[in-house]
Amino acid sequence: MAEPLRIALAGLGTVGAGVIRLLETNSELIARRARRPIVVTAISARDRYKPRGVDLSGYAWEDDMVILAERPDVDVVVELVGGSDGPALACARTTFEAGKALVTANKAMIAHHGLELATRAEAAGVSLKFEAAVAGGIPVIKGLREGAAANAFERVYGILNGTCNYILSTMEDTGRDFASVLADAQRLGYAESDPSFDVDGIDAAHKLSILAAIAFGSRIDFGAVEVTGISQLRAADIAQADSLGYVIRLIGMAEPDFSEGACKLFQRVQPHLVPFDHPLAHVDGATNAVVAEGNFSGRLLFQGAGAGDGPTASAVVADLIDIARGEVASPFSVPVSDLETLPAATSGHRRGRAYIRFTVADRPGVLAELTAAMRDAGVSIESLIQKGAPEDGGPDGIGEVLVAMVTHEGPESGVTHAIELLSQSPSLTAPPLVMHILGK
Ligand SMILES: NC(=O)c1ccc[n+]([C@@H]2O[C@H](COP(=O)([O-])OP(=O)(O)OC[C@H]3O[C@@H](n4cnc5c(N)ncnc54)[C@H](OP(=O)(O)O)[C@@H]3O)[C@@H](O)[C@H]2O)c1
C-alpha cells in the first residue's frame, strides 16, 4: 500500500474529536478506499489538557496552528476551529503557502474568504475541500459538483440550519412560543448560548452563498443574500400556517434571474410557508435538506443530519479520501478566474404568494385600514384570519389583535409597498412579518 496521508488537525472540539474517532473506527475500510492509510500526525487546539474522550497521546501537539500547518510531517491540514477570520484564516493561508491541501468545515470562512483561499489553493496546485461546511453530513457539494455536474440548475434551495429547524418543528409539535423552545434547545445542546448566528439566518446564508457559487458557477457573494431570521415568529404564526395547510421552515434559496435581460443571481434566507405536500414540509428536528432542480436531472433531494460529530466527521473524512486518491479539483467546480460575477437580483419584481402577519391595536376600523393599504398597493387578499387579544408574545396590557393574510400571486413589490403605506400607522403595535409561500 502507498505511503500514508499525514494529516494535522487544528481544532479538537465536536467535529475534531469526531474525525479522530472516525479515522480510528473505520481505519481499514478508509485505507482500502483511499488506497493508502490516513493518519493523524499532529494536533492543535486552545487547551492541551482538556479531556476530549479520545486518546491523543500518539500525536504531536502544537500550541500555534500556523506552526502546525508548517510541520514537515503533515500533508493535509484539517481546520475545525471556526470563525471567518482569526486563527482559522491564518492557518488556512499558511497551509497553502506551505504547499499543502486544506480540508475545512468552516462555512463562515469559506463564505467570506472562499475565493481568496481557492485562488491560493489553485496557485499551489493543491486541494481546498469543504464538504462539511454545507449541510454537515449530507454530500451535497459532491452531489452538485460531481453527480449532477451535467445540469444547468434552475434553483437550489433548502433547510440549511438544524437549530432553526429544530425550533420551528418543536414549536409546531408543542404549540409553544419561540423563546421557550429556544431556551430548551440551548439546554439540550441544539442551540449555542449565543444563538444569533443561527436564529438570525446568518449561518444558513453562509451555506447558501457557497451552494449558489457551486450550482451557478458564480463568485461567492455572501453580502448579496437577503436574510431574515426566525426570532419574530410566534406560536400563532405556526398555528395560522397549519390551519391554511402549511408548515413554516427557514428556507435558503438561490436562483438565476433573467427578468432584466442579463443573468442576475437571487439569494434569500427567510422563513417560508411550505405546503404540507412539499418534501421539505416533512423535514423535522435538526435535519437539513437541499433541493436542487437540474434541467435534466429534475428535482434532486438531499436530506440528512446537518450537524453533529459523526455526520460532520463523515464529510470531512470523505474529503480526505479524495485527497488521498490524488484528486485535485477546482474548489468551486471551475477555476476561480472562470467563475462569473453575477449581479444581485432584487426581490421587487419576483412574483409569488405571501403570508403577512400584522399585530395591531384592538380598535374599530383597523382591519379596514389594513385592507385599504393592500388595495392601494394592488395586493389581492386570498384569505384573512383575525385572532383575539392579547396574543402570545405581545406586550401585556395593550389590547392587541393578530391579523394574518395570505395574498394571491402577485409581485413582491406590491406587498412591500403596502407595508410602506402602513409604516407610519399608529394602529400597528409591531412591524409586520412577511413570509413567502414556497412554490411547488
Ligand atoms: N458542530 C457541528 O455539528 C458542525 C457541523 C458543520 C460544520 N461545523 C463547523 O466545524 C467547525 C468546528 O466546529 P465544532 O462544533 O467542532 O466547534 P467546537 O466544538 O467549538 O471546537 C472548536 C475547536 O477549536 C479550538 N479553538 C477555538 N478557538 C481557538 C483558538 N483561538 N486557537 C486555537 N484553537 C481554538 C477549540 O479548542 P479548545 O477545545 O481547546 O477550546 C476547539 O477544540 C466550525 O467551523 C463549525 O462551523 C460544525
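The values are calculated or read from the model by the stated rules, or taken from the named source; none is laboratory data. All values derive from a computational prediction rather than experimental measurement. Quick reminder, even Gly has a Cβ in these numbers, built from the backbone with ideal geometry, and neighbours come from all protein chains shown.
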Some residue of segment 146-155 being in a helix (DSSP H, G or I) and either in contact with a Leu (Cβ under 7 Å, 6 or more places away or on another chain) or surrounded by fewer than 24 Cβ atoms within 10 Å (Cβ to Cβ) (or both): yes
Residues that are without any contact (Cβ under 8 Å) to a residue 60 or more places away in the chain, surrounded by 22 or more Cβ atoms within 10 Å (Cβ to Cβ) and more than 19 Å from the chain's Cα centre (by Cα), drawn from segment 210-253: none
Subset of segment 80-125 (residues that are away from the ligand (no atom under 11 Å from the Cβ), out of contact with any helix residue (DSSP H, G or I) (no Cβ under 8 Å at 6 or more places or on another chain) and in a helix (DSSP H, G or I)): 116
Residue in segment 107-116 that is closer than 28 Å to residue 271 by Cα and without any contact (Cβ under 8 Å) to a residue 60 or more places away in the chain present: yes
Of all residues making up segment 163-198, the number that are under 11 Å from the mean Cα position of the chain (by Cα) and surrounded by fewer than 24 Cβ atoms within 10 Å (Cβ to Cβ): 1
Members of segment 136-158 that are under 15 Å from residue 107 (Cα atoms) and modelled with pLDDT of 95 or more: 138, 139, 140, 141
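Restricting attention to segment 44-63, does a residue exist that is closer than 24 Å to residue 328 by Cβ, out of contact with any Leu (no Cβ under 8 Å at 6 or more places or on another chain) and more than 10 Å from the ligand (Cβ to nearest atom)? Break it down stepwise before answering.
Going residue by residue through segment 44-63, those that are closer than 24 Å to residue 328 by Cβ are none.
The answer is no, given that none of the residues of segment 44-63 is closer than 24 Å to residue 328 by Cβ, out of contact with any Leu (no Cβ under 8 Å at 6 or more places or on another chain) and more than 10 Å from the ligand (Cβ to nearest atom).
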Residues satisfying the stated conditions in segment 254-275, i.e. of a type outside the set (Val, Ile, Thr) and surrounded by 23 or more Cβ atoms within 10 Å (Cβ to Cβ): 254, 265, 267, 268, 271, 272, 273
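Does residue 310 satisfy the condition of being outside the structural domain of residue 173 (by TED's automatic domain parsing), under 29 Å from residue 26 (Cα atoms), within 16 Å of the ligand (Cβ to nearest atom) and surrounded by fewer than 20 Cβ atoms within 10 Å (Cβ to Cβ)?
Yes, satisfied.
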Hits in segment 21-52 (condition: out of contact with any strand residue (DSSP E or B) (no Cβ under 9 Å at 6 or more places or on another chain), touching a residue at least 60 places away in the same chain (Cβ under 8 Å) and assigned to a helix (DSSP H, G or I)): 21, 22, 33
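Quick check on my filter: what residues within segment 53-65 are outside any loop (DSSP other than H, G, I, E, B) and without any contact (Cβ under 8 Å) to a residue 40 or more places away in the chain? Step through it out loud before you land on a result.
If we filter segment 53-65 for residues that are outside any loop (DSSP other than H, G, I, E, B), which is where we start, we get 60-61, 65.
Answer for segment 53-65, where residues must be outside any loop (DSSP other than H, G, I, E, B) and without any contact (Cβ under 8 Å) to a residue 40 or more places away in the chain: 60, 61.
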The lone exception for residue 157 - which of (1) within 14 Å of the chain's Cα centre (by Cα); (2) farther than 30 Å from residue 243 by Cβ it fails: (2)
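With the condition being closer than 20 Å to residue 300 by Cβ, I'd like the helices (runs of 4 or more DSSP H) fully within segment 175-281 carrying at least 1 qualifying residues. Explain how you work it out, then say what you get.
Details: elements: 178-188, 196-199, 202-216, 235-244.
Passing ranges, in order: 202-216.
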Candidate set from segment 134-145 (those that are buried (at least 24 other Cβ atoms within 10 Å of the Cβ) and closer than 12 Å to residue 288 by Cβ); member that is farthest from the ligand (Cβ to nearest atom): 140
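Take the residues of segment 1-22 that are more than 15 Å from the ligand (Cβ to nearest atom) and surrounded by 18 or more Cβ atoms within 10 Å (Cβ to Cβ): which is nearest to the chain's Cα centre (by Cα)? Break it down stepwise before answering.
First, pick out the residues of segment 1-22 that are more than 15 Å from the ligand (Cβ to nearest atom): 1-7.
Right, trim to surrounded by 18 or more Cβ atoms within 10 Å (Cβ to Cβ) and you get 5-7.
Details: 5: 31, 6: 31, 7: 27 Å.
Residue satisfying both the conditions and the ranking: 7.
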Any hit, segment 332-339, residues being in the same structural domain as residue 248 (by TED's automatic domain parsing) and more than 16 Å from the ligand (Cβ to nearest atom): no
Filtered residue count, segment 283-303, keeping only those that are touching a residue at least 40 places away in the same chain (Cβ under 8 Å) and on the phi > 0 side of the Ramachandran plot: 1
Unique match (being buried (at least 16 other Cβ atoms within 10 Å of the Cβ), touching a strand residue (DSSP E or B) at 6+ places or on another chain (Cβ under 7 Å), outside the structural domain of residue 246 (by TED's automatic domain parsing) and under 30 Å from residue 437 (Cα atoms)) among 281, 324, 345: 345
